[in-house]
Amino acid sequence: MIRPHGGRLVNRFSKKDLSSEELAEMPAIEVSTDISREIENIGDGVFSPLEGFMGENSLQSVLDHMRLPDDTAWTLPILLDVNAGDGISPGDEILLKYGDLPLATMDVEEKFGFDKSEIAQKVYKTTDPTHPGVNKTLSLTEVFISGRISVINRLPSDFELFHLSPVETRCLFREKGWRTVVGFQTRNPPHMGHEYVQKTALTFVDGIFINPVIGRKKAGDFRDEVILQSYEELLKHYYLRDRAMMSILQTEMRYAGPREAVFHALIRKNYGCSHFIVGRDHAGVGNFYGPFDAHEIFEEFPDLGITPVFFSSFFHCERCGGVSNEKTCPHDGSRVHYSGTDIRRMIESNQVPPANCMRPEIAKVILGFKHPFVE
């Protein structure tokens, strides 16, 4: 099986049992839901080789070179911002908590400031605040802290039944006899084009790992429960049980386009995937990125250790009688392109998308929700 990114799967769950009195004596910082999930992802090894939040040198290296200081490929900052006057100093051991729930301890190594506009420009190629990732970056405080963490507790989730750690997925892949696995990143319910891409890639490997992003998304995206129930129906009716499995990735969408495509590939490498599907405008938003920027960026990472599988456009061809793509279909005038915008409009109008666009079982699930979209 493919090795984790950086050579080993990180495990930052605490091995020491701290008493409530010991935890109460530590300086404490309350963190958001998004940061709580990042803590868990570091602890589980989803973000291997990271063992904590990035310091200034690592941040600058990622921004300038898309690599960590040791030359390991890494494309997105993983940062913890704090209030300037919180009294935290390098050398402190602090508690990261969510409400009253202690999540992790952290050995603070650095406390530093950084130009948030520089972060936005280099990660997202824009400082336009209408970009959701830029907006989130510019809303951070002026101070960051870095250091290794030791995770104590997981934040409860409404989707625990769908959650598997990289250790668990790797065990399941071995049990299934999957030597090659293709990962599929999604933040939408599946339409026929998605199914076509997945099954085309599955033809060449032992199994497919469908890994929906569960977490903060922009307004207008589908709600988490809609995505999960839709994929449950797809897997139930249209996949062999011994060739497909699903688990969630609990993190926020950053909408960082090409950089996020590489980041998504590295995460699936840690889960045990040997291949990763990269679609048209992967992790894009609006018109901030070119349709194939997320394909071209992989040319800069010959040492990535996971094989990207690129798909461009796909559509339903009336003359071919099914889903096709620009390499297989000669019928320009018979193509019906899949449009997420059109699907959303139909659902908003309580219309059932046509069967050549979306499986009836999937449409039924989505239309069963009174409010299927993030508001």
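Structure data summary
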read-out	value
Residue within the range 250-263 that is under 15 Å from residue 161 (Cβ atoms) and assigned by TED's automatic domain parsing to the domain that holds residue 340 present	yes
Yes/no for residue 315 being under 19 Å from the mean Cα position of the chain (by Cα), in contact (Cβ under 8 Å) with a residue 12 or more places away in the chain and either within 21 Å of residue 5 (Cα to Cα) or outside the structural domain of residue 41 (by TED's automatic domain parsing) (or both)	no
Residues of the range 209-255 satisfying the condition of being surrounded by 22 or more Cβ atoms within 10 Å (Cβ to Cβ), of a type in the set (Phe, Trp, Tyr) and free of Cβ contacts under 8 Å to residues at least 60 places away in the same chain	231
Top-ranked residue in the range 113-131 [being under 30 Å from residue 94 (Cα atoms) and in contact (Cβ under 8 Å) with a residue 40 or more places away in the chain; ranked as surrounded by the fewest Cβ atoms within 10 Å (Cβ to Cβ)]	118
Criterion: among the acidic types (Asp, Glu), crowded, with 20+ Cβ neighbours inside 10 Å and not assigned by TED's automatic domain parsing to the domain that holds residue 167 - qualifying residue of 38, 25	38
Boolean, residue 104 is touching a residue at least 24 places away in the same chain (Cβ under 8 Å) and either buried (at least 16 other Cβ atoms within 10 Å of the Cβ) or touching a helix residue (DSSP H, G or I) at 6+ places or on another chain (Cβ under 8 Å) (or both)	yes
First in the range 256-275 and under 20 Å from residue 202 (Cα atoms), second anywhere and buried (at least 24 other Cβ atoms within 10 Å of the Cβ) and among the hydroxyl-bearing types (Ser, Thr, Tyr), Cβ under 6 Å, 6 or more apart	270/48
Single residue of 294, 283, 265 found to be touching an Asp or Glu at 6+ places or on another chain (Cβ under 6 Å) and crowded, with 24+ Cβ neighbours inside 10 Å	283
Out of 71, 64, 86, sole residue that is without any contact (Cβ under 8 Å) to a residue 40 or more places away in the chain and either farther than 19 Å from residue 252 by Cα or in a loop (DSSP other than H, G, I, E, B) (or both)	71
Qualifying positions in the range 21-37 - polar (S, T, N, Q) and either touching a helix residue (DSSP H, G or I) at 6+ places or on another chain (Cβ under 9 Å) or outside any loop (DSSP other than H, G, I, E, B) (or both)	33, 36
Which numbered condition residue 178 misses (of (1) of a type outside the set (Lys, Arg); (2) at pLDDT below 95; (3) surrounded by 21 or more Cβ atoms within 10 Å (Cβ to Cβ); (4) assigned to a loop (DSSP other than H, G, I, E, B))	(2)
Filter pass, residue 352 being outside any loop (DSSP other than H, G, I, E, B) and over 28 Å from the mean Cα position of the chain (by Cα)	no
Failed item in (1) modelled with pLDDT under 90; (2) more than 17 Å from the chain's Cα centre (by Cα); (3) assigned by TED's automatic domain parsing to the domain that holds residue 218, with residue 375 passing the rest	(3)
Verdict on residue 227 being under 20 Å from residue 178 (Cβ atoms) and β-branched (Val, Ile, Thr)	no
Exclusive hit being assigned by TED's automatic domain parsing to the domain that holds residue 299 and under 27 Å from residue 6 (Cβ atoms), set 109, 175, 93	175
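The values are calculated or read from the model by the stated rules, or taken from the named source; none is laboratory data. As the structure is a computational prediction, the values presented were derived from the model and not from experiment. We place every Cβ from the backbone using ideal geometry, glycine too, and count neighbours over all the protein chains shown.
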